[in-house]
Amino acid sequence: MAAERKSIFITGAASGMGRETARLFASKGWFVGGYDVNEAGLESLREELGPKNCLVRRLDVTDRADYRAALDRFAPAAGGRLDILYNNAGIGRGGPFDQQPFEDIAAVVQVNLMGVLIGIYEAVPLLKATPGSLCFTTSSSSATFGMPGIAVYSATKHAVKGLTEALSVEFKALGVRVACVLPGLIDTPILPPGVAANAPKEGMFRAIPPAEVAQVVWDAYHADKLHWYVPPELAELDKAAALNPEAVRDQMGSGAFFTGPTERKAD
């Protein structure tokens, strides 16, 4: 099906950042594998992109056997190559840690961390077989400094960031590049109702359309950069958190990072 085209395997492809990435890469002539638990969203994606340009399938990223089966079906359709594995699937369940149902905590860890580990582990053979391949994962701005109210989500995204860094060294010997995106407040269905509409109009936590993340995935394939921040000024929060975490803690507690201007830094 791919007919010598480059290919991308996207989890969480039915909506938001994953769907926008599928659209962008299809428009660039790539063959797209779209995976999600939202079957209706996948079917509409298949209709939009055209059956000759994509392969869609329901996938539970926490089920290793299901993930392996999805890759086994994708590989021949893509001509045995995998130019980009985009681990994008994630869920967001928050609230005060001591009040969260433990089932929600476990679900966030399973999808956001174990789903990424399973995906990378199962896709490594295809990535190794594809010259110039990229293993790309969605981390989060909450991986710069732990965000109150989404502590477990933040913990999984810190883990994804650290995994990216470690594998970027390990996989270099395999000829596979590794990188991640750290998005801020992206206007997708993962956000609670009203959050995007009430977000600041400027600053690092302004609401950003998911198409900007899709563009970063494209840019990452054509570069050798490790961490991609959306918006770019989130890199300043990462620096501040490393240099003076106590100051960031205090500003986070006061809400300064969420309402202040773009150039606000911890000092």
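The values are calculated or read from the model by the stated rules, or taken from the named source; none is laboratory data. The model shown is predicted, which means the values in this text are computed figures rather than measured ones. Methodologically, a virtual Cβ is constructed for each residue, glycine included, from the backbone with ideal geometry; neighbour enumeration extends over all protein chains shown. In case anyone asks, the SASA skips ligands and DNA or RNA and just uses the protein heavy atoms, side chains included. Shrake-Rupley method; radii C 1.70, N 1.55, O 1.52, S 1.80 Å.
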- Message: Helix 211-221 against the longest principal axis of the chain: what's the angle in degrees, Cα atoms only, rounded to the nearest 10?
- Response: 60 degrees
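Provide the gained length on full extension for the span GLU212 to ALA247, in nm with one decimal, where the gain is 0.36 nm per separating residue minus the Cα-Cα distance.
Once the chain is fully extended between GLU212 and ALA247, it gains 9.6 nm.
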- Note on the structure: With -39,500 (n - 2.57) per DSSP H segment of 4 or more residues and division by the full residue count of the chain, the 222 nm estimate, nearest 500 deg cm²/dmol, is -13000 deg cm²/dmol
- Item | Heavy atoms of ILE91 accessible to a 1.4 Å probe, total area in Å² rounded to 10 | 40 Å²
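Per residue, how much accessible area does the chain have with a 1.4 Å probe, in Å²?
Details: 11860 Å² over 267 residues.
Spelled out: the 1.4 Å probe surface of the chain, per residue, equals 44 Å².
If you average 1/r over all unlike Cα pairs in the chain and invert the result, what Kirkwood radius do you get in angstrom? Write out the running numbers ahead of the final one.
Working: mean 1/r = 0.0533 Å⁻¹.
Final number for the Kirkwood radius of the chain is 18.8 Å.
Using a cut-off of 14 Å between beta-carbons, work out the net charge of the residues near ASP60 (Lys and Arg +1, Asp and Glu -1, ASP60 not included).
For residues surrounding ASP60, the net value is -1.
First measure r as the distance between the Cβ atoms of GLU4 and ALA107, then evaluate 1/(1 + (r/R0)^6) with R0 = 30 Å and state the FRET efficiency to the nearest 0.05. List each step's numbers first, then the result.
Details: r = 40 Å, r/R0 = 1.33.
Computed FRET efficiency for GLU4 and ALA107 comes out at 0.15.
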- Task: Relative to the longest principal axis of the C-alpha atoms of the chain, give the angle of the C-alpha long axis of helix 39-49, reported between 0 and 90° and rounded to the nearest 10°.
- Result: 70 degrees
- Item | Computed lengthening from GLN99 to ALA77, 0.36 nm per intervening residue step minus Cα-Cα distance | 3.3 nm
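Which FRET efficiency value, to the nearest 0.05, is calculated for GLU170 and LYS52 with the Förster distance at 35 angstrom and r the Cβ-Cβ distance? Mind showing how you got there, number by number?
Details: r = 36 Å, r/R0 = 1.03.
According to the calculation, E is roughly 0.45.
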- Contour minus end-to-end for ALA223 and ALA69, with contour as 0.36 nm per residue of separation and end-to-end as the Cα-Cα distance? 52.4 nm
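Pop out the carbon and sulfur fraction of the accessible area of the chain as a percent, whole number, probe 1.4 Å.
56 percent
Take the residue pairs LYS172/LYS239; LYS172/LYS225; LYS157/LYS225; LYS6/LYS128; LYS128/LYS225; LYS6/LYS28 and return only those whose Cα atoms are more than 21 Å apart.
Details: LYS172/LYS239 25 Å; LYS172/LYS225 13 Å; LYS157/LYS225 18 Å; LYS6/LYS128 15 Å; LYS128/LYS225 19 Å; LYS6/LYS28 10 Å.
Violating the 21 Å limit, Cα to Cα: LYS172/LYS239.
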- Query: Mind checking the angle between helix 151-170 and the chain's longest principal axis? C-alpha axes, 0 to 90 degrees, to the nearest 10.
  - Reply: 50 degrees
